[in-house]
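Worksheet: one structure, shown below.
A short reminder: the numbers here are calculations on the coordinates, not readings from a lab. Predicted, not measured: the structure shown is a model, and the values here were computed from it. Here Cβ is always computed from backbone atoms with ideal geometry, including for glycine, and neighbour counts include all displayed protein chains.
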């Protein structure tokens with residue numbers, strides 16, 4: 001039975017539905033005090049989680065270690081050395097989800113590349129369709145690459161104040177565009193590295209941004225992907241490569257994936273996650289986008 | 001200063017006489033007050049009024065307890081919650097103690113969230129009551145909780161195990177808070193609920209977890225001093 005057909009006042013109905021209770025069965029397991037405060041118990045959340053979609057990266061091995069793909073309602077940080085494929089992964093995710101939202105702070109988003117990946121995606125989809133239907137007639141693929149591009153909302157950010165303003169504006173934007181499923185920021189660190197003298201201010205601003213993004217992810221069921229750069233850190237007597245923005249920022253995201261080179265291969269490593277095991281997998285960047293690596297060596301390593 | 005509305009009979013005389021005394025006087029010399037009251041014409045009602053006022057003051061603060069009473073309270077009321085980690089329980093001499101605030105500190109990915117999830121699962125399975133979990137980073141993983149509960153519950157049969165998992169997970173209440181004011185709201189509501197159900201004793205929340213408090217405080221107070229050098 002639907003909540004919408006319950007004999008209660010319209011405003012109460014609206015409140016229940018906007019809190020996510022659309023059927024009577026979802027209401028029956030919640031106690032009255034929970035309803036009043038919007039708490040969820042772990043049992044309900046488990047069932048919600050099972051029905052949540054994940055966004056594929058187009059690389060099966062990468063999807064495997066991610067538990068199916070990038071998770072919605074979470075903020076995932078992806079970092080790596082320049083040239084490892086962060087932006088490529090960002091564009092791939094933007095194409096794989098129907099309605100993504102992309103922020104570009106570095107100017108590295110290339111429309112032509114997005115079109116290239118979108119075309120490859122459409123071709124793959126039609127091939128998959130044919131495989132499913134098992135017939136030899138050409139199937140009509142409804143999505144055209146240009147449609148995919150149309151659904152990518154692109155914002156170019158030129159300073160850290162613009163970045164803050166844009167993230168504050170996102171709340172309003174999301175309520176107007178309810179079908180946005182992913183927000184990609186490439187990269188979160190760019191405007192906070194140069195000419196930022198006041199470190200204390202930087203910590204406060206960044207942690208405030210992180211919380212706002214968390215709230216957006218939760219409220220609108222979005223996947224938020226933050227691409228980060230690397231820096232060197234002097235620990236234990238040697239210089240090590242680590243993600244930029246320091247220790248305090250490292251606590252801010254739900255998940256963290258580090259991209260690195262291993263010989264000639266590109267690898268991704270799950271560095272932080274509340275539910276995924278530590279593992280690494282290899283991937284490659286092709287003209288069609290992010291794909292499985294073609295080497296014969298065993299690729300996925302569980303730690 | 002107390003208003004005359006505090007008194008049951010609302011007698012002006014009592015009210016007026018009492019208005020002459022400041023709280024300081026009342027607190028410091030109740031005997032002197034009693035002696036003074038004896039001399040007044042309306043002494044009976046005055047004495048009543050004074051007793052009422054002193055009761056109100058007493059209720060505003062916790063009663064004084066002596067060492068023996070504290071020990072009894074600690075043994076009977078302040079239970080120790082096992083975390084489910086043997087080593088940590090050993091360090092904490094039994095586990096997390098009710099009435100105490102325990103801070104868990106560590107670098108990123110050191111296992112703080114996993115510790116919180118496991119402890120929540122343990123307390124929930126051992127039927128010690130509800131667990132309130134405040135999550136600031138969307139890190140609450142029902143999947144992990146289910147895994148921990150499954151590990152802890154000793155029953156071998158699949159059906160009863162499912163029931164145990166359901167019962168335990170239904171007593172872990174997760175709130176997502178993204179700023180310090182929402183956290184205060186949640187805590188205030190929790191306090192209200194606990195006070196109003198104190199007599200019935202069915203609604204017990206022996207464990208409150210906040211993961212993590214620093215992400216709520218950083219935007220407000222963070223970054224000063226020690227954060228200066230490390231970018």
Using only the Cα atoms of segment B:160-210, build the gyration tensor, take square roots of its eigenvalues as a ≥ b ≥ c, and label the shape rounded, prolate or oblate: rounded if a/c is under 1.5, else prolate if a/b is larger than b/c, else oblate.
-> oblate
In peptide B:126-136, what is the residue-averaged number of other protein chain Cβ atoms found within 10 Å of each Cβ?
-> 2
May I ask you to sort B:64, A:43 by Cβ crowding, counting other Cβ atoms within 10 Å and putting the fewest first?
-> B:64, A:43
Simple spin-label estimate for residue A:262 and residue B:163 in nanometres, 7 Å along Cα-Cβ | 4.7 nm
Rounded, prolate or oblate (a/c below 1.5 giving rounded, otherwise prolate when a/b exceeds b/c) for segment A:140-290 by Cα gyration tensor | oblate
Once residue A:50 and residue A:150 are pulled to full extension, the length gained, defined as 0.36 nm per residue separation minus their Cα-Cα distance, is 33.0 nm
Rank these for me by crowding, B:82, B:196, going from fewest to most other beta carbons within 10 Å.
-> B:196, B:82
Against the rule of thumb 2.2 N^0.38 Å, how large the Cα Rg of segment B:59-119 comes out = 1.47
Ranked by how many other beta carbons lie within 10 Å on average, peptides B:121-129, A:153-161 from highest = B:121-129, A:153-161
At R0 = 41 Å the Cβ-Cβ FRET efficiency linking residue B:64 and residue A:171, nearest 0.05, sits at 0.20
Within 10 Å of each residue's Cβ, count the other Cβ atoms and sort A:78, A:152, B:165, B:57 from fewest upward.
-> B:57, A:152, B:165, A:78
FRET efficiency estimate (nearest 0.05) - Cβ-Cβ, residue B:91 to residue A:112, R0 56 angstrom | 0.45
Average beta-carbon neighbours from other chains, 10 Å sphere, peptide B:164-172 | 4
